[in-house]
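The values are calculated or read from the model by the stated rules, or taken from the named source; none is laboratory data. From a predicted model like this one, the values you see are computed outputs, not experimental measurements. Here the Cβ positions follow ideal geometry from the backbone for every residue, glycine too, while neighbour counts run over all protein chains shown.
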Amino acid sequence: MKRTIKLAVVAALALGATSAFATNGSTMIAVGAKSMGMGGTGIGVGHGAESALANPALITTIKGNNEVSFGGTVFMPDVETTNSIGGPATTAESKADFFVIPSVSLATKVNDNFYWGIGMWGTGGLGVDYRNTPLGAVGGNHMQMVTALQTMQFGVPLAYTTNGFAIAVTPIVQYSSLDINYANPMAGDAQVGAGAAQDIAVGYNIGLAYETNGFTVGAVYKSEIKYDVDDVLSNTITPMTLDGLGNPTASTAVAQGLTEMATPAEYGIGVSYKMNEHTIAVDYKHIAWEDAEVYKDFGWEDQDVIAIGYEYATDGWALRVGYQYAEGAVQDNMGKGLALDANYAPGGASLTNTFNLLGFPGTQESHITLGGTYAFNEILSMDLAAVYALENKETMTNFVGQDITTSHSETSYSVQLNYAF
């Protein structure tokens, strides 16, 4: 058993080096194949060991005294952008179209009242790759933009339960990485990039749950996690805030101060009802992009996420379906008076729109999910899930006052093995 856990952790560390492309802004809609299959629900419905992040109070729903879940998600985003920065508009497809995201969870029942666990999960990211697009006055509309943001969290859920009520906390250690490179059209297509910034930061999740007569009600709060990005943002955004002579503008000081990012705070509630083989679950959560460092500077808006899931489960197998919706975090910034747009907005243009749609298109809204479980025996089972994020197209005004349009859809597949004993 110890060897199995060690191998799982090593594999998660290796996979964590790969950037993830997420769906609610820059966060995944869920962690774990069971939750993925049920539309991302997990605040008011228990998924055993994988509940550590969604609602740690529900690790009390593990089967047996111990449960280990090990798996991952393959993300395949399809991002296409049409842009013009002086010449004719051109269209290019991002080559950042395949990512692997790990998930490892362990939960243990110590006695009738106390549970604890440990886990490591890829929780989000964002990125595009236009490095093979043309440069120059004709066709150089994608600036050979390459971006990569990733976050991975390590946590230890601790839960206490009595008389159907459970309360829990998961201390979180988060690894983050950010890299941005592009050719600056305002300086003869000079290459801009500061290398990747990496940091370790801490936060926590708090969860509550109450179960009675088939009903489960849950609530969760996830703290904001701030992390350093060194000079990656300040060095790459500053060149785009200078005037035509290379002099600082009103936006430059803001750009130079972008040295810290934040994974936004979240809070949510959920409810589920189980009757025989049938379970239906509904979650609501709020993601506070407008208060998070850097995201607020780029005009990201808070998201209200609604998720609905259904499960039909027998002793040997289960089927799941779900749907999740949240209005895209990236919205048009024209007229908002953002400090980074001060050098552009008077002329009817937006720097933040350009970086959002070209480099960090957190525009996804609707997700349809399907999943299932097959139990090989009482100890070993396998979960599968598929998520299809419907295409969403956004058109905004870029930094030269022309249209920039990004189309974004996603397909992902998750596989998870569960060992309960």
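Worth pointing out:
- Selection count where residues are within 30 Å of A57 (Cβ to Cβ), among the polar types (S, T, N, Q) and surrounded by fewer than 17 Cβ atoms within 10 Å (Cβ to Cβ), scope the stretch 228-286: 1
- Taking the listed residues T363, T373, T369, T352, the one that is surrounded by 17 or more Cβ atoms within 10 Å (Cβ to Cβ), within 12 Å of F298 (Cβ to Cβ) and among the β-branched types (V, I, T) is T352, with no other qualifying.
- Members of the stretch 267-296 that are within 18 Å of A326 (Cα to Cα), among the charged types (D, E, K, R) and in a strand (DSSP E or B): D283, K285
- Residue check, F360 over 30 Å from T91 (Cα atoms), of a type in the set (F, W, Y) and out of contact with any helix residue (DSSP H, G or I) (no Cβ under 9 Å at 6 or more places or on another chain): no
- Residues of the stretch 54-100 classified as touching a helix residue (DSSP H, G or I) at 6+ places or on another chain (Cβ under 8 Å) and part of a loop (DSSP other than H, G, I, E, B), total: 4
- Test: A307 is surrounded by fewer than 23 Cβ atoms within 10 Å (Cβ to Cβ) and either more than 19 Å from L149 (Cα to Cα) or aliphatic (A, V, I, L, M) (or both): no
- Only residues that are aromatic (F, W, Y) and either assigned to a strand (DSSP E or B) or touching an Asp or Glu at 6+ places or on another chain (Cβ under 9 Å) (or both) were counted in the stretch 368-384, giving 1.
- Scanning the stretch 376-393 for residues that are crowded, with 20+ Cβ neighbours inside 10 Å and within 23 Å of F75 (Cβ to Cβ) returns D383, A385, V387, A389.
- Any hit, the stretch 319-341, residues being of a type outside the set (S, T, N, Q), under 30 Å from Y419 (Cα atoms), touching a residue at least 60 places away in the same chain (Cβ under 8 Å) and touching a helix residue (DSSP H, G or I) at 6+ places or on another chain (Cβ under 7 Å): yes
- When G164 is tested against the conditions (1) more than 23 Å from Y295 (Cα to Cα); (2) modelled with pLDDT of 95 or more; (3) among the small types (G, A, S); (4) crowded, with 21+ Cβ neighbours inside 10 Å, the lone failure is (4).
- Among (1) under 17 Å from A326 (Cα atoms); (2) touching a Lys or Arg at 6+ places or on another chain (Cβ under 7 Å); (3) not in a loop (DSSP other than H, G, I, E, B), the one test that G299 misses: (3)
- Counting only residues that are polar (S, T, N, Q) and closer than 30 Å to G42 by Cβ, the stretch 243-288 holds 4 of them.
- Matching residues, the stretch 248-266, being in a loop (DSSP other than H, G, I, E, B), out of contact with any Phe, Trp or Tyr (no Cβ under 9 Å at 6 or more places or on another chain) and hydrophobic (A, V, I, L, M, F, W, C): A250, L258
- Being over 30 Å from Y130 (Cβ atoms), free of Cβ contacts under 8 Å to residues at least 24 places away in the same chain and of a type outside the set (V, I, T) is true of N213.
- Which listed residue is modelled with pLDDT of 95 or more, surrounded by fewer than 24 Cβ atoms within 10 Å (Cβ to Cβ) and of a type outside the set (D, E, K, R), from V100, V146, V128: V146
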